[in-house]
Each structure stands twice: as structure tokens, then as C-alpha cells.
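> I'd like to ask some things about the structure below.
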Amino acid sequence: MKAKALVYNETGKPLEVLTLQEIDVPAPRADEVTIALEMAVVHPSDMGMIGGTYGRLRELPAVAGREGVGRISAVGENVKNLAVGDRVRMPEDAGVWREAITVPADEVEKVPADVPAELASMAFINPMTVWRILHDFVELKPGDWVLQNAGSSALGQCLVQMAHALGLKTVSMVRNVEKWEPVLKNLGADAVLPEEKDSIKKIAEIVGGKANLPKLALNSIGGESAARLTRMVGFAGTIVTFGGMTGDLIRFPTREFIFNDLRLRGFWMDRWNRAASAEAKAEMADKIFAMMRDGKLNMAVDAVYSLDEYKSAIARALEGGRNGKVLFKA
């Protein structure tokens, strides 16, 4: 059968290089299944991949998109563990901004059907990045503080909710406190500070003294914002960088390195996924879906578009001031 897909033949600006095309989707052979799209997400990393700046690029021509869920629409012979109607993750490496795809059944990850499709489609990048950073870098216990910049971002809102569910406390740096403090507090944030130099003086008072300064900070901005984090963490604190929204160089002060024994780390979810076992991935996914099912983790949706409306969807995703992700629907 034929299916629509958003394809790029060369890297560049998404609105210039993406085209809506019809591609062939073969019927499933033995040990294969066909997946029909339910929902897919538009991420900044998608723009980086299309633009040619992401850490791992696809062979061209390529279908765009990294995260989404679909339903099994057909199964081939010998497929035992999947049935028509099962919800599964859209295969990331093949590109998910497409109506359908046929793949080997043993490469498919099942997704709970009792989690709304919009929420399930956003489970695999931001929540899993947060989960790994909270568990893999610093030994945290309930009551410990975690610090982040870009607190109003989709990932920042995930951190607030997941940390709250784990008994951790959060300080979130944002550009517009008046707008974002009530939103983040409603999600479980403990403190929201403006993205400015004066906040360095306030954090010790907020957390109850220098002894309680955060052991862990998350940086996804770079530049001066990242440098401020080095002055807001405690002794031997760890700052994990997983994004660079500004593109500015990070200039960490030598004094903080020497006298505060700081650790600087980087994290890329893509690399973790390629190295992790299926069991480790499933264990993490189960815990994240349980949070979603229990109402402890929700993620905002700004707008939903069809693949035919991709120009409007991409334009909206590139706009500032959104509170939520842009999604594609089947």
C-alpha cells in the first residue's frame, strides 16, 4: 500500500527541505508487522537532524521524526507476541513522521494501551532522559535538591514532576518567573528563580543553607546560564549537560573547579539506548508509564496537526512561547 511520509533528500532548514511524499509500505512477510501511526512528536532534535547538526544523522533520503506511537495494523506469519490493535513505539531509526511502516516483529517495543496516545507518544525521549540523569550520575535520596535551567521547557517540566514523585526537591531557573512559577509549582516544583545573576545569592537561603546546596544540576542552555549553575551547586556537585539551546560556549570559572571540586558530565539518550539491554530499557519504560498511568507525569500538548499540515506544524514548533509539544496525528 501507499502511505504519506515527511521526507528530506538533503539537510537544511526544515521548511525548505521537507516534502510530503507517498512511499511504499509492503505487506508484512513472515516475522514482520505493519504499524499505523497514532501520534508523533516534533522535537528540537528533529530540527537538528534535518538540519545536519545532530550527533547522528540518517542516510538520505530520510523520513523525519524520532518519537511516536502507532498501532499494529497487520501481522505476518509466525508473529506470536504482537496482534492487530496492539500499541507500539514507532521505530525511531526509520523515521516516525509517516502514516505506516512494515518492520521485523522482534524490533518492536510494545506500549501500554491504557495510557493516552498523546502522552504515550512523548514517553521515550524527555522522560527517559530525566530518568537516566536522576539515576546515573549522583546518588540522590529523598529530600535532596536538584537544580535546572530551562525549567519551563518540556523536559524541565518532566524533571519537576519526576523528581517530586521520587521525593526530591527542585529549583528551576526560568526567564519569566511571573508566567512559569504557577505552572511549575502546580506540577510540584519547590522553587522557581529568574534566569539572572542575582539568583546565585538566593539559592542557599531557599535550600536551607550551603550544606543543602544541590548535588546535581541539569544544563540544556549553555553559555552564561551554565556558568551560573557552577556557583549554585554544593561541594563536589555534578552538572550534566544534555543540550545547548543558545549555542554559546560554556565558560566555567576556574575558582569553582578548584575550591568546589565540580564534576562536568555530558549525557546523550541516543547513546544510552544503543548500549543498554532490552531488559534495562523495559524496566525504565515500565516505571515511566506507571507514573503516567498514576497521574504523576503529564506533558502538555500545544497543538496537533495532520501530516498534510506539516508546514503549519513545523512553523508552530519553531515559535517561542509555547507551553507544550507540537504533535502529528494519523
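The values are calculated or read from the model by the stated rules, or taken from the named source; none is laboratory data. Quick caveat, the model's predicted, so the values are computed rather than measured. We place every Cβ from the backbone using ideal geometry, glycine too, and count neighbours over all the protein chains shown. Protein only, heavy atoms only, side chains kept; ligands, DNA and RNA dropped before computing areas. Shrake-Rupley method; radii C 1.70, N 1.55, O 1.52, S 1.80 Å.
> Would you mind getting me the FRET efficiency between D308 and A211? Use the beta-carbon distance for r and R0 = 56 Å, nearest 0.05.
Details: r = 57 Å, r/R0 = 1.02.
After rounding, the FRET efficiency stands at 0.50.
> Heavy atoms of the protein only, probe of 1.4 Å, neighbouring chains included. What is the accessible area of K13 in Å², nearest 10?
For K13, solvent-accessible area is about 140 Å².
> At what distance in nm do the modelled label points of D106 and E319 sit from each other, each positioned 7 Å from its Cα along Cα→Cβ?
Using points 7 Å along Cα→Cβ, the separation is 4.7 nm.
> Let me ask something additional. Determine which residues of the range 210-238 fall in the zone a paramagnetic label at I258 would reach in this model, i.e. backbone nitrogen under 17 Å from the point 7 Å along Cα→Cβ.
Residues passing the 17 Å test: 231, 236.
> Give a quick list of GluC sites (Glu not before Pro) in the range 17-114 that DSSP marks as loop, anything other than H, G, I, E or B, with at most 14 other Cβ atoms within 10 Å.
E59, E77
> So, one more: Kindly express, to the nearest 10 degrees and within the range 0 to 90, the angle between helix 154-165's C-alpha long axis and the longest C-alpha principal axis of the chain.
70
> At 1.4 Å probe size, put W97, W268, W180 in order of accessible surface, largest to smallest.
The ordering from most to least exposed comes out as W268, W180, W97.
> Compute the distance in nm between two label points, each set 7 Å from the Cα along the Cα-to-Cβ direction, one at N78 and one at L15.
Here the answer is 4.8 nm between the modelled labels.
> Using label points projected 7 Å from each Cα along Cα→Cβ, tell me how many nm separate D24 and R56, to one decimal.
Roughly 2.8 nm, to one decimal.
> When the Cα centres of the range 64-128 and the range 181-215 are compared, how far apart do they sit, in Å?
Cα centroid of the range 64-128 versus Cα centroid of the range 181-215: 39 Å apart.
> How much accessible area does V79 have with a 1.4 Å probe, in Å² rounded to the nearest 10?
30
> Can you tell me how the chain classifies by the Cα gyration tensor, rounded, prolate or oblate, using a/c under 1.5 as the rounded cut? Kindly include the intermediate steps, with their values, before the conclusion.
Details: a/c = 2.12, a/b = 1.76, b/c = 1.20.
Here the chain falls in the prolate category.
> Would you mind getting me the FRET efficiency between R251 and D93? Use the beta-carbon distance for r and R0 = 35 Å, nearest 0.05. Walk me through the numbers before you get to the answer.
Values: r = 36 Å, r/R0 = 1.02.
That gives a FRET efficiency of 0.50.
> A follow-up question, please. Can you tell me the 0 to 90 degree angle between the C-alpha axis of helix 278-293 and the longest principal axis of the chain, rounded to 10?
80
> While we're on this one: Pop out the ³J(HN,Hα) list for the range 87-98 in order, Karplus 6.51 cos²θ - 1.76 cosθ + 1.60 with θ = phi - 60°, rounded to Hz; leave Gly and Pro as x.
8, 9, 6, 5, x, 5, 5, 7, x, 10, 7, 8
> Then there is this: For L216, which sequence-distant residues (separation of 5 or more, or a different chain) have an amide H within less than 5 Å of its own amide H, given hydrogens modelled in the peptide plane?
L147, T238
> Over all Cα pairs of the range 4-62, how is the pair count split among 5 Å bins, expressed in % and running from 0 up to the last occupied bin?
Over the range 4-62, the share of Cα pairs per 5 Å bin runs 4, 16, 22, 21, 17, 12, 7, 1 percent.
> If I take R0 = 45 Å and measure r between the Cβ atoms of S277 and K201 in this structure, what FRET efficiency does the formula 1/(1 + (r/R0)^6) give, to the nearest 0.05? Don't skip to the end; give the middle numbers.
Working: r = 45 Å, r/R0 = 1.00.
The computed FRET efficiency comes out at 0.50.
> Take the cross-link list K13/K110; K4/K287; K287/K311; K202/K287; K179/K201 and give me the ones stretching past 31 Å between alpha-carbons.
K13/K110; K4/K287; K287/K311; K202/K287
> By how many degrees, 0 to 90 and rounded to 10, does the Cα axis of helix 126-136 deviate from the longest principal axis of the chain?
Orientation of helix 126-136: about 50 degrees from the principal axis.
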